[in-house]
Amino acid sequence: MTKVTEASATESRKLDHIRINLEQDVQFPRLTTGLERYRFLHQALPELNLNDIDTTVTVFGKRLRSPILISSMTGGTDMARAINRNLAQAAQQHGIAMGLGSQRAAIEDDALAGSYAVRELAPDIPLFANVGAIQLNYGYGLEQCRRAVDMVDADALILHFNVLQEAVQAEGDIDFAGLLSKVEAVCAGIDAPVIAKEVGWGFSRQAARALADAGVAAIDVAGAGGTSWSEVEYHRAPSDFHARVARSFADWGIPTATAIQYARAAAPELPVFASGGLRDGIDIAKCIALGADLAGLASPFLQAASQSAEAVHELIRVLKAQLRVAMLCAASADIAALRQAELQPIR
């Protein structure tokens with residue numbers, strides 16, 4: 001397959017992913033995030049002023065006004081360029097972090113790099129480059145990882161792990177053997193922190209510990225309960241065979257609440273980012289109380305960014321307000337206090 005054909009196929013796949021996420025129901029049919037199994041112990045006498053609650057955090061040396069991450073979504077198409085620019089403008093305005101979608105398309109075809117180029121719109125926020133970890137078994141190495149970081153002037157590099165998605169894709173890359181040593185080589189050789197990120201099925205304790213030992217700087221658990229990428233692949237399956245295989249994994253994965261606790265216990269020395277099915281500021285607060293340092297959302301931001309930067313701005317305003325009210329009612333003056341707030345399991 002020629003370079004042009006490979007790039008065209010990647011771009012087409014990215015367009016499919018955007019379209020399906022916007023037009024189809026690709027949520028987990030039954031499996032949930034597990035966050036609904038917890039509630040905060042309500043504090044009727046918090047002794048706090050809502051206006052004084054401090055939601056600031058520091059990530060990779062940069063101060064954020066709120067512990068919110070726009071999770072990695074897209075790139076490599078004209079539609080993705082507009083989406084990423086809407087996201088970046090709002091992220092800069094509100095002082096939150098942003099991850100970019102997989103940059104494979106632009107690594108294969110330099111002409112697509114502009115769809116990821118948002119640093120001029122967001123000069124101050126933590127911005128994360130993104131490459132599929134599996135590509136390290138298919139010819140990628142330090143050169144491609146450095147290109148991804150340099151392409152967007154990123155503060156860190158996400159290596160995303162999507163074994164189930166690749167396995168059910170007709171064109172998926174399925175050789176995951178020996179991958180950990182290549183991840184370790186990237187962590188040792190690249191001049192940027194590396195974030196290990198799942199894409200919606202969560203990391204086990206064993207995987208989190210192995211990645212920490214390999215040198216990753218943070219773990220984004222991206223647990224189950226939100227968008228199911230096996231459902232996305234079901235909708236783009238080229239045959240009944242591939243559709244039946246993909247559909248059978250609709251409820252596979254580690255719920256987000258469990259994945260946070262796995263990662264925090266397995267790698268207590270690392271920042272933990274929570275994502276996978278978060279939908280509001282209360283979910284963000286619960287994730288932090290469960291042990292996360294940052295909380296990421298994707299689907300709600302994709303829906304908003306497909307409309308306008310103003311829609312993203314309004315979504316962030318709502319998320320921040322929900323988080324602050326949750327902190328007030330949990331008697332948490334700042335994020336450090338929220339980490340110690342009492343979460344009650346619902347029996």
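What follows draws every value from the coordinates through simple rules; no lab data is involved. Given the structure is predicted, the values throughout are model-derived calculations rather than measurements. Glycine gets a Cβ as well: all are built from the backbone with ideal geometry, and neighbour counts include every protein chain shown.
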- Query: Once phi is turned into ³J(HN,Hα) by the Karplus curve 6.51 cos²θ - 1.76 cosθ + 1.60 with θ = phi - 60°, what whole-Hz value does each residue of region 247-257 show in order, with x for glycine and proline?
  - Reply: 4, 5, 9, 4, 10, 7, x, 9, x, 3, 4
- Please name whichever of Tyr262, Ser275, Gln307 sits farthest to the positive end of the charge dipole of the chain, dipole taken about the Cα centre and charges placed at Cβ: Lys and Arg +1, Asp and Glu -1. Tyr262
- Considering only DSSP beta bridges whose two residues both sit in region 3-345, what percent are antiparallel, to the nearest 5? 20
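Arrange the following residues from fewest to most other Cβ atoms within 10 Å of their Cβ: Asp240, Asp109.
Working: Asp240 8, Asp109 17.
The fewest-first ordering by Cβ neighbours comes to Asp240, Asp109.
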- Item | Furthest towards positive pole of dipole, Ser248, Leu290, Trp201, structure part region 3-345, Cβ charges | Leu290
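For the chain, what does the helix formula give at 222 nm: sum of -39500 (n - 2.57) over DSSP H segments with n ≥ 4, over the residue count, nearest 500 deg cm²/dmol? It would help to have the intermediate numbers written out before the result.
On the way: 14 runs with 150 residues, N = 347.
Calculated at 222 nm, the ellipticity per residue is -13000 deg cm²/dmol.
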- Task: May I ask you to evaluate 6.51 cos²θ - 1.76 cosθ + 1.60, the Karplus curve with θ = phi - 60°, for each residue of region 152-169 and list the ³J(HN,Hα) values in order in whole Hz, giving x for glycine and proline?
- Result: 10, 6, 7, 8, 7, 10, 7, 9, 9, 10, 9, 4, 5, 4, 5, 5, 9, 6
- Query: Got a sec to turn the phi values of region 24-36 into Karplus ³J(HN,Hα) couplings, 6.51 cos²θ - 1.76 cosθ + 1.60 with θ = phi - 60°, whole Hz, x for Gly and Pro?
  - Reply: 10, 7, 10, 7, 4, x, 10, 5, 10, 5, x, 5, 5
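How large is the charge dipole for the chain, taken about the Cα centre, if only the Cβ atoms of Lys, Arg (+1) and Asp, Glu (-1) carry charge, to the nearest 20 debye?
On the way: 31 positive and 40 negative charges, 142 e Å.
For this selection, approximately 680 debye.
Counting other beta carbons within 10 Å of each Cβ, put Ile125, Ile107, Ile219, Ile174 in order, fewest first.
On the way: Ile125 26, Ile107 22, Ile219 29, Ile174 12.
Lowest to highest Cβ neighbour count: Ile174, Ile107, Ile125, Ile219.
Got the relative contact order for region 3-345 handy, in percent, Cα pairs under 8 Å and 6 or more residues apart? Let's see the in-between values first.
Details: 741 pairs, mean separation 80.0, N = 343.
Over region 3-345, the number comes to 23 percent.
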- Item | Over the chain, equivalent-ellipsoid semi-axes from the Cα gyration tensor in Å | 31, 22, 20
- Task: List nothing, just return the count: lysine pairs in region 3-345, 8 or more apart or interchain, with Cα separation under 22 Å.
- Result: 7
- Ile68 long-range amide H proximity, modeled H, under 5 Å: Ala97, Ala295
- Note on the structure: Mean-square fluctuation maximum in Gaussian network of the chain, Cα pairs under 10 Å, restricted to Gly139, Gly215, Gly277, hits Gly139
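What shape does region 269-347 have by the C-alpha gyration tensor, where a ≥ b ≥ c are the square roots of the eigenvalues, rounded means a/c under 1.5, and otherwise prolate means a/b greater than b/c and oblate the rest? Don't jump to the answer; show the numbers that get you there.
Numbers: a/c = 2.10, a/b = 1.69, b/c = 1.24.
Because a/c hits 1.5 or more and a/b exceeds b/c, region 269-347 counts as prolate.
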- Helix 179-189 sits off the longest principal axis of the Cα atoms of the chain, rounded to the nearest 10 on a 0 to 90 degree scale, by 70
- Sorting Gly189, Leu22, Ala111 by the position of each Cα along the dipole of region 3-345 (Lys, Arg +1; Asp, Glu -1; all at Cβ), the one nearest the positive end of that ordering is Leu22
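What trypsin sites (Lys or Arg not before Pro) does region 13-80 have in DSSP loop regions with at most 10 other beta carbons within 10 Å? Each step should come with its number before you reach the end.
On the way: sites: Arg13, Lys14, Arg19, Arg30, Arg37, Arg39, Lys62, Arg63, Arg65; in loops: Arg30, Arg65.
Answer by residue number: Arg30.
If you wrap region 199-321's Cα atoms in a convex hull and average its projection over all directions, what's the area in nm²?
Numbers: hull surface 35.1 nm².
Its average projected convex-hull area is 8.8 nm².
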- Task: Would you pull out the residues with amide H under 5 Å of Asn130's amide H, same chain only if 5 or more places away, H placed 1.01 Å from N?
- Result: Gln103, Ile158
- Note on the structure: The value for region 301-347 (convex hull of the alpha-carbon atoms, volume per residue, Å³) is 102
- Message: Tell me the angle of helix 281-290 to the major Cα principal axis of the chain, expressed in degrees between 0 and 90 and rounded to the nearest ten.
- Response: 90
- Message: If you average the C-alpha positions of region 64-143 and of region 292-335 separately, how far apart do those two centres end up, in angstrom?
- Response: 19
- Message: I'd like the orientation of helix 205-214 relative to the chain: the angle between its Cα long axis and the longest Cα principal axis, in ° from 0 to 90, rounded to 10.
- Response: 70
- Exposure proxy ranking, count of Cβ atoms within 10 Å, fewest first, for Glu47, Glu233: Glu47, Glu233
